[in-house]
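K.L.:
Supplied in structure tokens, the structure appears directly below.
The values are calculated or read from the model by the stated rules, or taken from the named source; none is laboratory data. This one's a predicted model, so the numbers in the text were calculated from it and none came from an experiment. For neighbour counting, all protein chains shown are included, and Cβ atoms are generated from backbone atoms with ideal geometry for every residue, glycine included. The protein model used for the area step is the full one, side chains on, heavy atoms only, and it has no ligands, DNA or RNA in it. Shrake-Rupley method; radii C 1.70, N 1.55, O 1.52, S 1.80 Å.
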Amino acid sequence: MRFQLLGPLEVRIDGRPVPLGTVKQRLLCATLLLDPNEVLHTGHLAEMLWDEPRPASAAANLRTYAHGLRQALRDRSDGASRLHTGTGGYLLEVRPGERDLDEFEEAAQHGRDARARGELRQAEASLAHALTLWRDSPLAGLPLPHTVAVRLTRLHEQRLMVEEEHVQAKLDLGASAELVGRLREHVDDHPLRQRGWGQLMTALYRTGDIAGAVDAYLRARRALADQLGIDPSPWLEALYRDILDHSPDLTGEPQRSPPARIVVRGLPPAVDILVGRQAEMDTVRGWLDESATCPVVALHGPGGAGKSALAVRLAHHLADRYPGGALYVDLQGSDVDLPPLRPIDVLGRFLRALGVPGNAVPGDVGEATVAYRSELTGRGVLVVLDNARDAAQVRSLLPADASCGVMVTSRRMLATLPNGRHLAVGLLSRAEAVELLAGECGTDRVAAEPDAAVRLVDLCGLLPLAIRIVGARLVSRPGWPIARLVERLADPGLRLNELEFDDLSVRPSIALTYAALRDGGPGEQLCARAFRLIGDSRLPAVTTRAVAALLGESPARAETVLERLADERLAEPREPGVYGIHDLVRLYAVERAEDETPGDREAALRRLLEAYVQGARELERMANAGWSPTGASGQDRPAWQEPPQTPAKAVRWLAEEHLNILAAFRQASTASTGTAKLAAELAWGSVASLRRHGYLQEALTLVDGAAATTERLGLTLEHCAALFYRAAFNKGTADPSVVEADLQRCLELLQSLGDRDRIATCLEALGNLRHRMGDVSRALVYHDEALALRRESGRLLMIGATLSNSAQVRLSAGAGEQAFADVEEALRIARDIDAVGLIGAALTMRGQLLCRTDRWSEARECLDEALVATDRSGDLPSRCEALLSRAAAHLRLGRHAAAAHDADEAGSAAVRIGDRYLLAVARQALGRIAGAAGDAGAAAKLDSDARVLFRSLPGYREPQYVEYFGQH
């Protein structure tokens, strides 16, 4: 079998192409081929195939595509399929030599190795073969998701490197004239690749076109200045000077070898097992290939990520590039027990290793640096500076000669290093982590307990150091099953204690960094306090807003604090204003939270709750023309509060903080009575926005918790709010009698309080529920009572909302003229007060009325406007109903494809808001549309799915959907 990715996707069996099916099925095949012989989880595969929100049928469709691939990819000899089902996903088996990408990489490496040995003709042939494997852009013609496109961009970069390596091999063989045209085309396509310009200049010079070589340099300089604002690299400028000076070095004749000197062998042994770092190693090789100066490769990442192991392995692999050997030093920049080494001490060590007598080593840093760089000139030495504290510790240890290279490891990115090429060394993937564990404790043990192995590496946070520790512990306990160690690590309070063995431990590497902040100046101490409060709050997403509230500081100050924590690897930046914390670092932060007094911890939590209450209030005010269920906001806000001020900022605020709102509520609901009451206010103020914007699970959890908390504390009004929202969320999912019971209890409590505004809201909800149950007469009674109370209050927003909600009921009751009058009045009110949420809801209602009175073209236009409005307000429930109604309009107008698109999107929205009744209606609509389009098989399947859902929801029968799509 032959798998070809370097061009349009092709699979061949015995030389004949295999039909791979639909675009989605081909994309699934491509995704599996990019990570062959590895189980890819179904969730990851779904991300590759569908944008958010995914269709409700994504899981079923994925199984269908996998089945199609399994049938297509069967060996002719034994009929066995190459597609296998693994734990939670699928694996595509690819054998050695079957994938063109592997052949390309192998041929390219053979070419590099041959050139390094001086076998130029073999190098040229191997590199040429590698290039011939490219038929077109990788996976040409497929709609690639962003993550795959990024991977293919790196693949294109590899091809360009091989192209330039092939050109260099031909230049070394004297083939200058035939390369000129090819190189001109290369630099035209890639004007920022300086190696290509240098090769073109060399080829032109060797063919006698000196003016052309000079012109090529000038063009390169203009391109770099215009597009990047930089000058050519020093080596390109040196080549230009050599051309002007007619340097004999440009003739292509071999150079004499430098005089023999001591070859230093200072590297420690490489670790036996290094997994998941091939991409990083390829990147470093590429940087070294294209650099004509002394490159400084700087690896940075959190403690325990394996930077040192990677650096040493790379140094051993690069030995053939550096004939003078390698110098190595552990700079002790993040060592718990030892102070960082001074540059003068390291310079003395290096000079002695290079053959300088001990009594000749200078004692001054400046003089020692000059002597060190002089000794390295022309020697081709790789310098490995491991575990650096900062750039100042490293700077005097950098060679100045182009024949040498430098590799630095550090926790912080040393961004000020000259000629630095910075590479982040992160965590392993889950599959890589399991592979590392198997290498440490034995493949048989991992194979015997695959689920426990996955759980164990997850508890280790996919951190290589932690995985090496648990691997060593398992080796020392050959009778222990992996599950035993999983049990020991499962308790978060004990996990860091368990991640210690012999001389290896996770905690000290975190503690050292924290202690430096705790014992530093006022700025560092504020960072340490933020770290403790983050640990106490258990925030899933660490945002500048949240930290500002915890500290009682401005968001700008909080961002400065978080950036410092990120520099120290106690936090990891994700996007502007949002940070993450590794699980094991978070556990240490939880430990250190005990250093804060209980009073200070609760005060910080209250500030966080107040910030979220204020933010949730602003979201409701923006959607409802200044009204919020928890009342008006205060005029004077403290500096640490920064609620959203525009609808776009509101969407982002909720996206970044929704998980934090839930975490803060959970923590506060068990705190003192005053703090728990604030938590209840937060739940009351935020659940509607959470559901409206599609954060259903968070909203459900919040409202259930609020119901329990408010009942326990005897908070009657807040308990009414929890019952009301629980009923709203359960409508269309739970038995309608359960929903009605919550609403009736809410109404009873509100009547005891005499809260007429909220009584009207509850009556309106009962009317909507009864209408969905098909009880039009009772629904109309509830809506009339609610409208009377609304008109009595004189609050325009509430009057408009009730008019809009009741219009559907009035039409069902036969009062069509009054229904249209009510919805037009609601629209007029909404536009007068700029209530964006009501505008979308009223337009949706008007579109539904038009559909039910057979004015389908008018309805479609109105619903187009409604969908624009609901998109602006983020009102998913109204949007779902608008989509269903527009699907009905498209169906009646014979626009089957548009109708199916709307019904499918409505189903996705119903899933997001948790309304199983509307999901059933969407499935029923899709079945009717498929039948109208002539697809009887699909129609039968969808109708069957809808009937199953309807049977699980007895009691729901909303008149307009029965009219649109038939009896349920």
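K.L.:
Can you give the FRET efficiency to the nearest 0.05 for L244 and D289, using r as the Cβ-Cβ distance and R₀ = 35 Å? Mind showing how you got there, number by number?
P.N.:
Numbers: r = 26 Å, r/R0 = 0.75.
With R0 = 35 Å, the Cβ-Cβ based efficiency is 0.85.
K.L.:
For A448 paired with R855, estimate the spin-label separation in nm (one decimal), with each label point 7 Å from Cα along the Cα-to-Cβ line.
P.N.:
7.6
K.L.:
List the extent of the Cα atoms of the chain along each of their three principal axes, largest first, rounded to whole Å.
P.N.:
103, 70, 64
K.L.:
I'd like the projected area of segment 2-157, averaged over all directions, using the convex hull of its alpha carbons. Report it in nm² with one decimal. All intermediate terms of the calculation are to be shown ahead of the outcome.
P.N.:
Details: hull surface 41.0 nm².
With every direction weighted equally, the projected area is 10.2 nm².
K.L.:
Can you compute the modelled spin-label distance between R484 and A515, with each label point 7 Å from Cα toward Cβ, in nm?
P.N.:
3.3
K.L.:
Quick one: grab the alpha carbon gyration tensor of segment 872-967, order the square roots of its eigenvalues as a ≥ b ≥ c, and give me rounded if a/c is under 1.5, else prolate or oblate depending on whether a/b is larger than b/c.
P.N.:
Working: a/c = 1.66, a/b = 1.12, b/c = 1.48.
The shape class here is oblate.
K.L.:
Among the lysines, which have Cα under 29 Å from the Cα of K649 when same-chain residues fewer than 8 positions away are ignored?
P.N.:
Within the straight-line limit of under 29 Å, K649 reaches these lysines: K677.
K.L.:
What's log10 of I(q)/I(0) for segment 430-502 at q = 0.16, 0.24, 0.27 Å⁻¹, Debye sum over Cα points only, no solvent?
P.N.:
Each listed q corresponds, in turn, to -0.44, -1.07, -1.41.
K.L.:
Still on this structure, I have one more. Calculate the FRET efficiency for S77 and A360 from the Cβ-Cβ distance with a Förster distance of 56 Å, rounded to the nearest 0.05. Working shown, then result.
P.N.:
On the way: r = 71 Å, r/R0 = 1.27.
So, using R0 = 56 Å, E works out to roughly 0.20.
K.L.:
Would you mind computing, in nm to one decimal, how far apart the modelled labels at A175 and H422 are, each placed 7 Å from Cα along Cα→Cβ?
P.N.:
Distance between the two pseudo-spin positions: 4.1 nm.
K.L.:
Normalised by the number of residues in the chain, what is the relative contact order in percent for Cα pairs under 8 Å and 6+ residues apart? Before the final figure, lay out each step's value.
P.N.:
On the way: 1549 pairs, mean separation 57.7, N = 968.
Averaging sequence separation for qualifying contacts and normalising by length gives 6 percent for the chain.
K.L.:
Would you mind checking which residues have amide H under 5 Å from Y579's amide H? H placed 1.01 Å from N; only 5 or more apart, or other chain.
P.N.:
Under 5 Å from the amide H of Y579: V542, T543, R574.
K.L.:
Restricting to Cα pairs below 8 Å that are 6+ residues apart, what does the relative contact order work out to for segment 430-502? Please round to a whole percent.
P.N.:
On the way: 74 pairs, mean separation 24.3, N = 73.
Once normalised by length, the contact order is 33 percent.
K.L.:
What is the gain in length, in nm to one decimal, between F501 and K941 on full extension, counting 0.36 nm per residue of separation less the C-alpha to C-alpha distance? Each step should come with its number before you reach the end.
P.N.:
Numbers: separation 440, 0.36 × 440 = 158.40 nm, distance 5.77 nm.
My answer for the length gained is 152.6 nm.
K.L.:
What relative contact order, as a whole-number percentage, does segment 176-250 give when Cα pairs under 8 Å and 6 or more residues apart are counted?
P.N.:
Details: 73 pairs, mean separation 20.9, N = 75.
Reported as a whole number, the value is 28 percent.
K.L.:
Something else now. Probe radius 1.4 Å, ligands and nucleic acids left out: which of E596, E119 has the largest accessible area, and how do the rest follow? Spell out each step's value before the answer.
P.N.:
On the way: E596 15, E119 80 Å².
The most accessible residue leads, giving E119, E596.
K.L.:
Kindly write out, for segment 109-117 in residue order, the coupling ³J(HN,Hα) from the Karplus curve 6.51 cos²θ - 1.76 cosθ + 1.60 (θ = phi - 60°), rounded to whole Hz, with x marking Gly and Pro.
P.N.:
5, 4, x, 5, 5, 5, 5, 4, 7
K.L.:
Assuming a ≥ b ≥ c are the square roots of the Cα gyration tensor eigenvalues, decide whether segment 112-221 counts as rounded (a/c under 1.5), prolate (otherwise, with a/b larger than b/c) or oblate. Numbers along the way, then the final one.
P.N.:
On the way: a/c = 2.57, a/b = 1.41, b/c = 1.83.
Taking the square roots of the gyration eigenvalues as a ≥ b ≥ c, segment 112-221 is oblate.
K.L.:
Sticking with this one: Just the number please: accessible area per residue for the chain, 1.4 Å probe, all protein chains included, in Å².
P.N.:
Numbers: 40530 Å² over 968 residues.
So the chain comes to 42 Å² accessible per residue, rounded to a whole number.
K.L.:
Would you calculate a helix-derived [θ] at 222 nm for the chain, using -39,500 (n - 2.57) for each DSSP H run of n ≥ 4 and dividing by the full residue count, to the nearest 500?
P.N.:
Taking each H run of at least 4 residues, the total per residue is -20500 deg cm²/dmol.
K.L.:
Taking a ≥ b ≥ c as the square roots of the Cα gyration tensor eigenvalues, with a/c under 1.5 meaning rounded and otherwise prolate when a/b beats b/c, else oblate, which class fits segment 81-133?
P.N.:
Working: a/c = 5.02, a/b = 3.31, b/c = 1.51.
It is prolate, given that a/c is not under 1.5 and a/b is the larger ratio.
K.L.:
Over the chain, with every protein chain in place, what whole percent of the accessible area is carbon and sulfur at 1.4 Å, could you tell me? Please report the intermediate quantities before stating the final value.
P.N.:
Working: 20490 of 40530 Å².
Percent of accessible area from carbon and sulfur atoms in the chain: 51.
K.L.:
V150 to E748: extension gain in nm, 0.36 nm per residue of separation minus the Cα-Cα distance? Numbers along the way, then the final one.
P.N.:
Values: separation 598, 0.36 × 598 = 215.28 nm, distance 5.87 nm.
Stretched fully, the V150-E748 segment lengthens by 209.4 nm.
K.L.:
Shifting gears a bit: Length gain on complete extension for the stretch I273 to L893, per 0.36 nm per residue less the alpha carbon to alpha carbon distance?
P.N.:
On the way: separation 620, 0.36 × 620 = 223.20 nm, distance 6.51 nm.
That pair, I273 and L893, stretches by 216.7 nm at full extension.
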